[in-house]
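Visitor: Have a look at the structure that comes next, please.
The values are calculated or read from the model by the stated rules, or taken from the named source; none is laboratory data. It should be emphasised that the depicted structure is a prediction, and the values quoted were computed from it without experimental measurement. Cβ: placed from backbone, ideal geometry, glycine included. Neighbour counts: every protein chain shown. Surface areas here come from the heavy atoms of the whole protein model, side chains and all, with no ligands, DNA or RNA. Shrake-Rupley method; radii C 1.70, N 1.55, O 1.52, S 1.80 Å.
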Amino acid sequence: MANIVHFENVGLRYGTGPETLTDVSFTLAEGGFYFLTGPSGAGKTSLLKLLYLAQRPTRGVVRLFGEDAGALPRVRLPGLRRRIGVVFQDFRLLPQLSAYDNVALPLRVAGMRESEIEAPVMEMLAWVGLSARVTARPPTLSGGEQQRIAIARAVIARPEILVADEPTGNVDPEMADRLLHLFSALNRLGTTIVVATHDLHVIGRIPQAHLMRVEKGRLVDPTGLLRHPPGAA
Amino acid sequence: MNGFRHRAAIDLRLLGEGQRSWVMAGIMAIMLFLTVLAGALGLGVARSASGIDRQLAGQLTVQLVEPDAAVRDARAAALVAAIARVPGVTRVRAADRAELAALLKPWLGDVGLDPELPLPVLIDVTAARDVTGAVTAAARRIAPQAQVDGSARWLAPVRGLLATLGWLAIGLVLVIAAATAGVALLVARAGLDTHRDTIDVLHMLGSTDLQVARLLQRRIARDTLLGGAIGTLAALALVALFQTRLALTGSEVLGGATLLAIDWTLLVLLPIGFALLATVATRLTVLHTLGRKL
Ligand SMILES: Nc1ncnc2c1ncn2[C@@H]1O[C@H](COP(=O)(O)OP(=O)(O)OP(=O)(O)O)[C@@H](O)[C@H]1O
Ligand SMILES: [Mg+2]
């Protein structure tokens with residue numbers, strides 16, 4: 001299987017502060033399912049930000065889809081970002097738009113016609129159990145409902161990589177199972193999935209997933225298996 | 001088309017539906033009010049100047065001073081005949097004694113004209129174009145001492161004033177246009193700031209800078225057109241009022257400032273031009289500002 005993500009000695013520093021991430025090296029295979037764990041403040045979100053092109057590495061090399069993300073000109077970023085779906089830890093739904101319009105946004109950004117948008121959006125909302133809240137605006141939804149809208153928005157455009165930051169933090173175990181079921185269904189369709197989570201129950205639900213652990217900004221990889229996965233090109 | 005309208009609606013909702021920028025609309029109303037007034041001044045001045053130019057070119061007076069009455073009358077007849085043959089001349093007429101007396105009355109008073117008083121010959125020439133050279137040549141051949149004047153020569157300083165006013169109007173329109181671009185720039189920057197979270201999310205979902213620019217452009221174009229339309233209507237009403245008052249003066253110079261249909265059309269196009277200008281300024285501002293981000 002081809003490598004879709006490759007980090008090589010990546011360091012990330014916010015402003016002039018200390019390095020938040022240090023010497024992070026790993027390779028993700030296309031179609032893999034990865035959990036990213038670690039204590040709060042370890043740098044999970046920071047690592048994911050590099051992955052979804054919200055940050056560029058301060059040093060080292062980040063390769064996405066074979067492209068050097070650190071050196072990519074700005075005009076090339078939208079094209080790559082459209083291939084990545086993101087569930088933000090804080091959702092980042094647009095409060096002025098309805099649930100429907102939030103979920104439809106990636107399709108509109110991609111330039112799809114309105115007639116092609118409605119069916120997949122309604123289907124997606126049904127999947128996350130929010131068919132009844134189509135016109136509701138995010139501030140009127142519960143935390144768990146907002147999280148499901150965020151997940152629906154992240155997967156609606158069939159991204160090649162799905163990055164989810166604590167996607168089950170606000171939902172009950174039953175809904176968590178349902179969302180994981182959705183993730184593994186997407187994974188079976190070929191989507192590479194990266195989920196940051198503290199939740200051991202969630203990790204246990206996907207036996208074939210790989211585990212990545214960050215501690216104090218460093219990737220714990222004693223066997224070197226993350227850096228050089230077996231069968232990697 | 002329906003899809004497009006729906007998309008535009010979504011675009012506006014993205015930046016908060018009700019948050020129409022009244023500041024922008026208000027400023028644009030003032031800008032366009034001033035611009036349309038300046039534009040009307042410029043156009044009126046141009047109309048008036050071209051009217052004067054036509055008069056300067058087409059109105060001549062030939063003057064001949066000749067003490068001997070018999071010679072005078074003979075030369076006058078010869079001059080009229082010769083000038084009438086000059087190509088382009090549409091009308092030649094010698095002023096008769098009564099007219100001259102009327103012209104002189106302010107200086108001579110009511111005492112009446114002494115029949116012995118030698119009066120000059122005055123010949124009015126009207127032409128379709130500038131025939132000063134040809135008429136002068138024709139007149140000199142008959143009477144070397146004949147004098148040819150542009151009868152509208154006294155209008156020359158007026159003509160100069162009008163030219164200055166015209167440049168002033170053009171300058172005003174340009175200054176207001178620059179100020180409008182500046183306001184659009186500030187409003188666009190404020191918009192990027194106010195909607196930073198939304199724009200960040202859009203970028204993360206793969207929006208291009210052009211897509212973001214279009215959001216702000218649409219909004220500014222809409223506010224500019226709305227405010228501009230109000231300002232333009234107010235200014236046009238004022239201009240129309242002035243026009244009727246100009247017509248009432250009956251003055252040839254002032255009456256020459258009457259705007260034609262094409263002028264009114266140009267004035268009505270001003271707000272559209274300004275909306276375009278504001279849109280372009282917004283686009284450049286957004287692209288420039290976003291281009292410096294990650
Ligand atoms: N934008 C930022 N500017 C400065 N420092 C930041 C920024 N974002 C994160 N940090 C710092 O980087 C470190 C790692 O933060 P990060 O959000 O990546 O942790 P995390 O592993 O996701 O934690 P959590 O499990 O609580 O979500 C923290 O010390 C945090 O204060
Ligand atoms: Mg985090």
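Visitor: With respect to A:Thr58, determine if the residue is in contact (Cβ under 8 Å) with a residue 60 or more places away in the chain and among the polar types (S, T, N, Q).
Guide: Working: in contact (Cβ under 8 Å) with a residue 60 or more places away in the chain: no; among the polar types (S, T, N, Q): yes.
Judged against the criteria, A:Thr58 is not a match.
Visitor: Let me ask something else. Mind checking which residues of segment A:72-116 are more than 17 Å from A:Arg137 (Cβ to Cβ) and touching a strand residue (DSSP E or B) at 6+ places or on another chain (Cβ under 9 Å)?
Guide: Correct list: A:Leu72, A:Arg76, A:Leu80, A:Arg83, A:Ile84, A:Gly85, A:Val86, A:Val87, A:Phe88, A:Gln89, A:Pro106.
Visitor: Any residue at all in segment B:198-213 that's open to solvent by 20 Å² or more (accessible area, probe 1.4 Å) and either under 36 Å from the mean Cα position of the chain (by Cα) or more than 14 Å from chain A (Cβ to nearest Cβ) (or both)? Lay out the reasoning, then the answer.
Guide: Looking only at segment B:198-213, we keep the residues that are open to solvent by 20 Å² or more (accessible area, probe 1.4 Å), and these are B:200, B:204-205, B:208-211.
Among the residues that remain, those that are also either under 36 Å from the mean Cα position of the chain (by Cα) or more than 14 Å from chain A (Cβ to nearest Cβ) (or both) are: none.
No, segment B:198-213 contains no residue that is open to solvent by 20 Å² or more (accessible area, probe 1.4 Å) and either under 36 Å from the mean Cα position of the chain (by Cα) or more than 14 Å from chain A (Cβ to nearest Cβ) (or both).
Visitor: Sticking with this one: Output the residues belonging to segment A:201-211 that are open to solvent by less than 80 Å² (accessible area, probe 1.4 Å) and in contact with a Ser or Thr (Cβ under 7 Å, 6 or more places away or on another chain). Full working, then the answer.
Guide: Residues of segment A:201-211 open to solvent by less than 80 Å² (accessible area, probe 1.4 Å): A:202-204, A:206, A:209.
Residues satisfying the conditions are A:Val202, A:Ile203, A:Ile206.
Visitor: Continuing with the same structure: Pick out the one residue from A:Leu48, A:Leu12, A:Leu28, A:Leu64 that is over 16 Å from the mean Cα position of the chain (by Cα), buried (at least 22 other Cβ atoms within 10 Å of the Cβ) and within 20 Å of A:Phe88 (Cβ to Cβ). Lay out the reasoning, then the answer.
Guide: On the way: A:Leu48 fails: over 16 Å from the mean Cα position of the chain (by Cα); A:Leu28 fails: over 16 Å from the mean Cα position of the chain (by Cα); A:Leu64 fails: over 16 Å from the mean Cα position of the chain (by Cα).
Criteria check complete, one pass: A:Leu12.
Visitor: Given the criteria over 23 Å from A:Phe26 (Cα atoms), open to solvent by less than 20 Å² (accessible area, probe 1.4 Å), free of Cβ contacts under 8 Å to residues at least 40 places away in the same chain and aliphatic (A, V, I, L, M), does A:Ala154 qualify? Break it down stepwise before answering.
Guide: Details: over 23 Å from A:Phe26 (Cα atoms): yes; open to solvent by less than 20 Å² (accessible area, probe 1.4 Å): yes; free of Cβ contacts under 8 Å to residues at least 40 places away in the same chain: no; aliphatic (A, V, I, L, M): yes.
Criteria not met by A:Ala154.
Visitor: Which ones in segment A:15-25 are near ligand 1 (Cβ under 9 Å from one of its atoms) and surrounded by 22 or more Cβ atoms within 10 Å (Cβ to Cβ)? Walk me through how you get there before you give the answer.
Guide: Our first condition is that a residue be near ligand 1 (Cβ under 9 Å from one of its atoms); within segment A:15-25, this holds for A:15, A:17-18, A:20-21.
Across segment A:15-25, the qualifying residue is only A:Leu21.
Visitor: Now for a separate question. Could you please find all residues in segment B:66-93 being surrounded by fewer than 12 Cβ atoms within 10 Å (Cβ to Cβ) and either assigned to a helix (DSSP H, G or I) or in contact (Cβ under 8 Å) with a residue 40 or more places away in the chain (or both)?
Guide: B:Pro67, B:Ala70, B:Arg85, B:Pro87 - these are the residues of segment B:66-93 that are surrounded by fewer than 12 Cβ atoms within 10 Å (Cβ to Cβ) and either assigned to a helix (DSSP H, G or I) or in contact (Cβ under 8 Å) with a residue 40 or more places away in the chain (or both).
Let's see how each residue does on (1) more than 16 Å from ligand 2 (Cβ to nearest atom); (2) closer than 26 Å to A:Ala152 by Cα; (3) more than 10 Å from chain B (Cβ to nearest Cβ); (4) in a loop (DSSP other than H, G, I, E, B):
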site	(1), (2), (3), (4)
A:Leu47	no, yes, yes, no
A:Leu50	no, yes, yes, no
A:Gly70	yes, no, yes, yes
A:Gly85	yes, yes, no, no
A:Ala104	yes, yes, no, no
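Visitor: Cβ-Cβ distance below 8 Å, separation of 6 or more or different chains: which pairs start in segment B:182-201 with a residue that is closer than 25 Å to B:Met28 by Cα and end on one that is open to solvent by 90 Å² or more (accessible area, probe 1.4 Å)?
Guide: Within 8 Å, the pairs are B:Val187/B:Val23.
Visitor: Report whether or not B:Ala221 is surrounded by 16 or more Cβ atoms within 10 Å (Cβ to Cβ) and in contact with a Gly (Cβ under 9 Å, 6 or more places away or on another chain).
Guide: Answer is no for this residue.
Visitor: Could you say whether any residue in segment B:177-189 is at pLDDT 90 or above, in a loop (DSSP other than H, G, I, E, B) and not aromatic (Phe, Trp, Tyr)?
Guide: The answer is no; no qualifying residue exists.
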